[in-house]
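Here's the structure, in structure tokens; my notes come after.
None of the figures in this text is laboratory data; all of them are computed from the coordinates on show. Bear in mind the structure is a predicted one, so any value in this text is a computation, not a measurement. Here the Cβ positions follow ideal geometry from the backbone for every residue, glycine too, while neighbour counts run over all protein chains shown.
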Amino acid sequence: MQRFMMAFASYTLCCILAYLSYLAGIMEWRGLIGLLLICSFNNIVFYVAFRTGLNLRASDPSLTTIQMCAAVVALTYGMYFANESRPVLLLVYVIILMFGIFRLVLSGFLFVSLFMIASYGLNLFLLYRFRFQDVNFKMEFLHMLLFALMLVALSVIGSYISILRKKLHKAMCVNLELSIRDELTGAYNVFCKTFFQKVANHFSIKLQLHFPESCKIDFSVVAHCSRIFFPIVVYN
């Protein structure tokens, strides 16, 4: 849900920018209304998916790729009505691509990048078909070429950062395991006992605030061989 809220904040930012563009006379009202409807639809669908657990049926429960592609569709629709501010909105594609750092590898980054390029190409085709007189296509094709090169570079950098993030997470898990277990025997060490004591003391304070006379915290050895210490609530 944390990433969903980040995506929601990005949607909100895009809608605010679209509204300001409309007030400035740059974006048409059809583009503003359509963008608001698509963004609202995307957020409702993903919110329901996360709250009901439907996302757990997917191979990627975070639905990172699907969320990114849905955001690309919304942005592409808004760009069609953005007129001369269209090149500026290309920067929003970069923001969308950066969400892949949380989950995607290089193949995922390239897939989303290709989807972005295809969406922008479809946008240009529709502009050529229906608004030929309003667009400088030489400049638009130059933007598309530079945009494609930039996406490839960002995909490589983003995948490298994603790999480093996964390695760091793995190293932190290993360090945590070594800090509470003996490397040779696998048994919990004295630091683990100290950790559980701190946890027990914390909950003891909480319990004493609510039930000052009804309970106390005691420590018992649950597994003698592994030296695991757990707090047990003993009611009088």
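Taking the range 1-23 and a reference point 7 angstrom along Cα→Cβ of Tyr47, the backbone N atoms nearer than 16 Å belong to 1-13, 15.
Treating each Cα of the range 100-179 as an identical point scatterer and ignoring solvent, apply the Debye formula and state log10 I(q)/I(0) at q = 0.18, 0.20, 0.24, 0.25 Å⁻¹. The Debye formula, applied to the Cα set alone, gives -0.78, -0.86, -1.02, -1.06. Based on alpha carbons, the Rg and Dmax found for the range 1-88 are 14.2, 44 Å.
Which trypsin sites (Lys or Arg not before Pro) in the range 100-135 sit in a loop by DSSP (not H, G, I, E or B) and have at most 15 other Cβ atoms within 10 Å of their own Cβ? Filter output for the range 100-135: Arg131. Projecting label points 7 angstrom from Cα along Cα→Cβ for Ile66 and Lys166 puts them 2.1 nm apart.
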